[in-house]
Every structure is written in C-alpha cells, then in structure tokens.
Amino acid sequence: MLANHFQNGIETARLVWSRIPNSEESQLLDDAVGILKKNDGGGVESLDYEVIENFAYREEQAQRGKLYVSYLLVVKWFFALLIGICTGLAAVVINIAVENFAGWKFSVTFNIIQKSYIAGFVVYVLINLALVFSSVYIITQFAPAAAGSGIPEIKGYLNGVDIHGILLFRTLIGKIFGSIGSVGGGLALGKEGPLVHTGACIASLLGQGGSTKYHLNSRWFQVFKSDRDRRDLVTCGCAAGVAAAFRAPVGGVLFALEEVTSWWRSQLMWRVFFTSAVVAVVVRAAMGWCKSGKCGHFGSGGFIIWDISDGQEDYSFAELFPMAIIGVIGGLLGSLFNQLTLYITTWRRNHLHKKGSRVKIIEACLVSILTSAISFGLPLLRKCSPCPDSDLASGIECPRPPGMYGNYVNFFCSKDKEYNDLATIFFNTQDDAIRNLFSAKTINEYSSQSLLTFLVMFYALAVITFGTAVPAGQFVPGIMIGSTYGRLVGMFVVKYYRRLNIEEGTYALLGAASFLGGSMRMTVSLCVIMVEISNNLKFLPLIMLVLLISKAVGDAFNEGIYEEQAQLRGIPLLESRPKYEMRNMTAKEACGSGRVVSFPRVVKVSDVVSILRSNKHNGFPVIDHTRSGEPLVIGLVLRSHLLVILQSKVDFQHSPLPSDPRGGGRSIRHDSGEFAKPVSSKGICIDDIHLSSDDLEMYIDLAPFLNPSPYIVPEDMSLTKVYNLFRQLGLRHLFVVPRPSCVVGLITRKDLLIEDKENVNTLELQSTSVRIPQQNKRLMTRNIDVERPLLNGLLQNQIPD
C-alpha cells in the first residue's frame, strides 16, 4: 500500500515536471519578469502624469460641482484607509504563515534529532526544499513579475515608467505565497522588500476597482483612472508595506519620500501618514490577538521589533572611533555586496535563466539544499559552551531547543547545561537570530570564531540567493550581516575598553544600520526605521553617524542596490540630479536629427493606421494652418487616444474639413475614463483593431482630442534645465520649438496669488481637476480654441518618449 502511494507520488511529480515550459516557451515569461532590453525598451512604457486638457476633459470638469469635489476628497481618504487595512492584513497572513512553517519545521526536526541527526538533517532539508519549490514554481509558472523584491520596479513606476505586469492581481498573489515559501524555506532573504511591492499592488488594484481578468472588480471603486491618481495610491501602498514590515509607520512615510517617489506634495503626505498609522493599528491588533495562542507557533517572533530599550544606557567619546570603523566596514561590505550581486545577476541573465523555467527551479532548489546543509551542518562542527550562571531577573533561559525564541540554543550538545552559539544564529529564523544578536546583557555569548564563520557563510549565501526566481528582500539579510560584524567590533570594544556599561548588542544594531546604509544608500528613512524597531531613541545620534559614514564610503565605489538593479533591468530611471555632461548640451541636441512625426488636424484614418504601425511613438504634434497658409502647432495627441478613437469608430467623418466644436453641434462621445490605460498592462494594440476598407477612407478631426497646452521649451535651453523640468513635472513629452518672435505677457508671483473664496474644505481637489471660479463659468463653452497657436513657428523636435 505504501509502495503504491510512493509510486503515485513519483508519477505525479513527473507529470508536473513535464508540464513546465522549456527554454523556448519560457522566453515569453522572461519579458514579464522585468529583465528588459535597453536598446528597444521592451516591456517598458512611460506613464502620462501630465493632465491632458482636451475637449472631453474640459467638458467633464465644467459639469463637476462642489459636491463632486467633496466626494472625491472623501473617497481619497477612504482608499487610504482600505490600503492600510488590506496591507496590514496581508502582512499578518505572511508573518503568521512564515512563523508557523518555521516553528513546525524546527519542532519536527528537533524531535527527530533526539534519535538521529542524519534523519533530522534529511527531514530539515526536505521541508525547506518543499517550501522553496512551491515558491519558485508559483513565480515561474504563475507570476514572473513577482520575483525579487519589486522595489526597483515600483521606484520606476513612481518615476514615470510602467513595466507590464508588476501591479497585476496575479503578481500580488504570487508575491504573498511566494514570500511565504521562500522565507519559510530558510533562504538568505527577507519578506520586507516584497511587502513594499505587495502594498503597491493592493493600492493599484483598489484604485482600478479590482481585477477584470479574474472577475474581481467593482464599479464603485473605479473612481481614479488617471496615472496621476494611481501614482498617489501606489505611494500610499509603498509606505504601508514598510510600515507593515517593520512596524515603523514614520519610517514608512520617510521611505516613500526618500527612496521611491520622484514627486511629492503636502496633501499626499497626510494620506500616506494616515495609511501608515492604519497599518500600525492593524498589526498591533493582530499581535494582541495572537498572544492568546490562537496563531499556532506565532509568538514573540514574527513582526520585526527588536526591543533593546534595556541595553546600553550611555556611551563615551572614546567609543565614537570604533563606531566610525563600523560605518567604514558597512560602506565597504555594502558596496561589495552590490557589485557581487550585479555580476552574478548579469551572469544569470545571460547564461542561466535563458535556458528556461526548469533551470530556474533547479537553481532555487540547489540554493535551498546548500543553505540547509550549511545552516544544519556548520553548528555540528562547533563545540558547545557551558551556560552562564542563571539570573532570574534577566529572564534568560539556558539552554533552549532550536527554533524557539531566545538565546542559548541547545544543538548537538552532550550535556544539558550547554548551548551552541553558532546554532543560536544559524539554525534559527532570521528574526529570532537578529533578536539574539541585538540582545543586551549577553556578553561572551558568542565566540569570535562563530561570528566570523557566520559572517562569511551568510554573506556568501545572501549574494548567491539574490537573483533567484523567488520573492526576495534585502533588508533582513543586510541586518543579519551588519549585526554580525557589529557584534564582533563590540566584543573587541568590551575587551579593550573594560567598561561595564558597554553592550555588544548596541554595536550589532549600529552594524546593521551601517550595512544597510552602505548597500541601499538610504539615510533619513533608514535612521528612523532603525530607531523604531529598536525602541531606543538614545541611539539616534550613533545611527546617524554610521549611516552618514557608510553612505559616503559606498558612494565612492558604486550606486545603491536598487539603482543598480533598475539599471540592470533596463528601467530608465530619472535620478534627482542630471548628469554633469548635460550642462554643455541644449534641448535641440538631445532631440537628435530624426524627423518629427506629426498629424494634420483632419487626418485620414488610413494615414493614422499607417503611422501607428510604422513607429512606436506615444505622442504626436498636431499641425494646422492659418488662412495665410502658415503652419501652426495646435497641440499634442497621444497614441493611446488615437487607438481608442480607432476602436470606437464613432468619431469618423466623411468630410475632410474640420468640424466646428464652437457651435456645439457635436455631443460628447467620450469621457476621460475611456482614454485611461489599464494599470501595468499593454492596453489596446494597433493589431487588435479591425477596420474595413470603408473605415480607412474616412477622416478624423483631432482637435477635440489633443492637448492644446503641452509643455514647451526653446531649442537652445540647457539640457540640465530641461531635465529638471521633465522630472519634477513628471512629463512624458516635451516640445522643442524655435525662439518665439514676440511675448504676449509676463507672469510673476503676485499674478498667481489669486484669492480663493470657496469653502476651505474643498481646497484639495482631484489631482487632475480644474477649478473654475463661479463668475467665470458662463465664459466656459464646449470648445477648444484650435486657432490659437502654441508659438508662432514650426515645431523643431520633441524629446523622445
């Protein structure tokens, strides 16, 4: 009977393996993961953060009153509440699942090793292998975009770049269950980075009303359809993810501000802060509920907060030197980590992952076996140490079984009152290992040989694991590495300074901050996060010191890990500072010598189809002529809008003459929501539109659909100024024109200080709304002044999109 079950299991495994795509089939999946080609920008598309003030938009805004504006304001705050609740619940599910898998794994393994260490090792390896296999299988077969931390992709999205698939429903599911498998399987990675991506996915899905593909949508939530509004929601989701991962609401707000966003305003900060506060309440309520024992093995571990408030009370001026040394070490090891992971990821991309999904699965499983063998085998090589004298006041128990919260783990020890210091940090969950390294009043718990062994091996495992096809965060591995060498430095300080108030755990905390600063290059947000998770404000100046030093040292060698990974994936990020070479370049030089592809105001349908098929531009200037025959640039029309017009066919006309929007003869056939592209998807493609021969002979008047007021710059403007304008306004297109021949006016600060007599409660409008004073509403008509040129002259060129 048992043999039959075993044979059935083997056949099932073979069947599943045979259904995994080969190298040719998996090539399509690689495009969705985000490893993009720089030369053609495959898989990358810019976002339209600019307000397209076309005829349909102005008509829609003219019909909105104060009640609708108040409704939008309420909905924004309601969405912030939902994002906080959902992200907090997702974090609770991930943490409870990981802690239960880990607790069950260590409990089973410990019971078996009482009889046989070999059998315990085999069971330990198989459990980890099963969890990692489930994670990598979900990623490779269901949600390729869920691999990695997701922070570089989200940073690119908030920078104005949309990568197909990163915010879809299947990506969210893959991120949650993939994180449970990879972290529960004991790999040298964390769940904190994926939680940021999870929060962004939740925010995006709520903003678009759910998932249409899986029929999980509601029209009541389909309020914010523009890229600008979705950007605000995704920003809230990123902050919520950090707040849920570290129980650090203020750190979450600062992380969104410092690391991922390129555009910020005060109204958005209020909502982001509110979202993070909601997450903190949800997580705290979940932890209070779990303390009653209803969450299985979930107990004092789980959510990260390493309370060292009872640690070192004060520090002397002489200790600043070894603390500065920790900052230097963090900068060196952090920059080396970035460089090594860049080399290995590039090699994986060019040689290994091209061979298909099966190779990715085999790779992740081999890394799992290697990690399990090291974490189980190395502690066996260490001799056990006698337990220190028990102190009931300290609350420290010695020894403890493996995998249980606390210090002094008994592993392969011949006597009862002995512990294995290497097993205390290696054969344990990462959260509990960090808590052990940070713990106070545990001087001489670890030997320098054990810490050095762990540092070298875990550093190597973290480098190898980074880049595998599983959800992977770098926060916790970085804290593990930094706290190890920080504790090493603390041991030497205790030995040579001979002061009773020095705690090794304090130096472990500073080491963790220094490595994260040297690798991620964050300062303010990381400083606040470390203070929040340590629950000790006295360490703030010290954390600031090591962060500044580690970042300065790391910047001397390479960029931060997220910037390097974004560059490797081909994500065209616009950094906060333009390159130095741009100072000697002009806008016209950046455009190149290519001919500008433009449309006349009234264009034939066949010409539109031909131009859209022949190039990949996403924006086109629209040219009209005056009565004297002079060309005039009357606006910009987007490719996505043209595709909607071609698909609907309701705006086709037989006459090649312009329609007259002034007379009001035409009714509104489109609203602004119809032109919105589904988030993180390709939207409508020209090949999906089917037109008859009669359709191709008709015409379209583009005047009602173009943006009559795009941003323009003179051709001789410095490229540095163009760069700053483009990035700070979140533009997708920028016209470059000749110098104007005349000036119609000059706007100063006082011209913009218009008195607002409306209710103060309606100050915050939808990010794509237009405010129309009551006395001027009668001047608004359903038209667009197509006769008014942007500038008297021809369009020279356009910044490529």
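The values are calculated or read from the model by the stated rules, or taken from the named source; none is laboratory data. Bear in mind the structure is a predicted one, so any value in this text is a computation, not a measurement. Note: ideal-geometry Cβ built from the backbone for every residue, glycine included; neighbour counts use all protein chains shown. We work out accessible area using only protein heavy atoms, side chains counted, and drop any ligands, DNA or RNA first. Shrake-Rupley method; radii C 1.70, N 1.55, O 1.52, S 1.80 Å.
Can you give the FRET efficiency for A119 and A373, using 1/(1 + (r/R0)^6), R0 = 22 Å, r = Cβ-Cβ distance, to the nearest 0.05?
The calculated FRET efficiency here is 0.90.
Below 8 Å between Cα atoms, with a sequence gap of 6+, how large is the relative contact order for region 46-178 in percent?
On the way: 61 pairs, mean separation 38.3, N = 133.
Relative CO of region 46-178 lands at 29 percent.
Apply the Karplus curve 6.51 cos²θ - 1.76 cosθ + 1.60, θ = phi - 60°, to the phi angles in region 241-246 and return the couplings in whole Hz, x for Gly and Pro.
Each residue's phi maps through the Karplus curve to give x, 5, 4, 6, 6, 10 Hz.
Listed here are the pairs K191/K360; K551/K750; K66/K721; K105/K538; K294/K538; K76/K579; which of them are more than 30 Å apart at the Cα? Before the final figure, lay out each step's value.
Numbers: K191/K360 20 Å; K551/K750 42 Å; K66/K721 38 Å; K105/K538 38 Å; K294/K538 35 Å; K76/K579 37 Å.
Checking Cα-Cα distances, K551/K750; K66/K721; K105/K538; K294/K538; K76/K579 exceed 30 Å.
Give me the accessible area per residue for region 66-291, probe 1.4 Å, as a whole number in Å².
Working: 7630 Å² over 226 residues.
Here the residues of region 66-291 average 34 Å² of exposed surface.
Could you state how much accessible area F79 has, in square angstrom rounded to the nearest 10, with a 1.4 Å probe and all protein chains kept in place?
We get 0 Å² for F79.
Determine the order of W347, W77, W264 by accessible area, beginning with the largest, at a probe radius of 1.4 Å.
Order by accessible area, largest first: W347, W77, W264.
Could you give the dipole magnitude of region 66-291 about its Cα centre, charging the beta-carbon of Lys and Arg +1 and that of Asp and Glu -1, in debye to the nearest 20?
Numbers: 19 positive and 9 negative charges, 93 e Å.
Dipole of region 66-291, to the nearest 20 debye: 440 debye.
Calculate, for A324 and K355, the FRET efficiency according to 1/(1 + (r/R0)^6) with r their C-beta to C-beta distance and R0 51 Å; round to the nearest 0.05.
0.65
At a 1.4 Å probe, what is the % contribution of carbon and sulfur to the accessible area of region 426-512?
Ligands and nucleic acids excluded, carbon and sulfur give 65 percent.
Using heavy-atom solvent-accessible surface (probe 1.4 Å) with all chains present, what is the largest-first order of L696, L67?
Details: L696 55, L67 145 Å².
Putting L696, L67 in descending order of accessible area: L67, L696.
Please report, in whole Å³, the volume per residue of the convex hull around the C-alpha atoms of region 540-624. Display every interim value, and only then the final one.
Working: hull volume 17.1 nm³, N = 85.
In region 540-624, the Cα convex hull volume per residue is 201 Å³.
Relative contact order, percent, of region 66-291 when contacts are C-alpha pairs under 8 Å separated by at least 6 residues?
In percent, rounded to a whole number, it is 26.
Using a probe of 1.4 angstrom, how much of the accessible area of region 66-291 is carbon and sulfur, in percent?
Here carbon and sulfur together make up 71 percent of the probe-accessible area.
So for W104, W263, what's the accessible-area order with a 1.4 Å probe, most first?
Per-residue accessible area, sorted high to low, gives W104, W263.
Check S262: other-chain or 5+ apart residues with amide H under 5 Å from its amide H, H built from backbone geometry?
Those qualifying (amide H under 5 Å, at least 5 residues apart or on another chain) number zero.
Considering only the other residues whose Cβ falls under 12 Å of the Cβ of Y723, what net charge follows from Lys and Arg at +1 and Asp and Glu at -1?
Details: positive: R577, K579, R583, K721, R727; negative: E575, E581.
Local net charge: +3.
Between C742 and K616, how many nm apart are label points set 7 Å from Cα along the C-beta direction?
4.3 nm
Give, as a single signed number, the net charge of other residues whose beta carbon lies under 10 Å from the beta carbon of F79, with Lys and Arg counted +1 and Asp and Glu -1.
Net charge around F79: 0.
How big is D for region 66-291, in µm² s⁻¹ as a whole number, if Stokes-Einstein is applied with the Kirkwood radius of its Cα pairs at 4 °C and 1.567 mPa s?
Rounded, D is 71 µm²/s.
Based on alpha-carbon centroids, what's the gap between region 488-554 and region 59-112 in Å, whole number please?
For region 488-554 versus region 59-112, the Cα centre distance is 31 Å.
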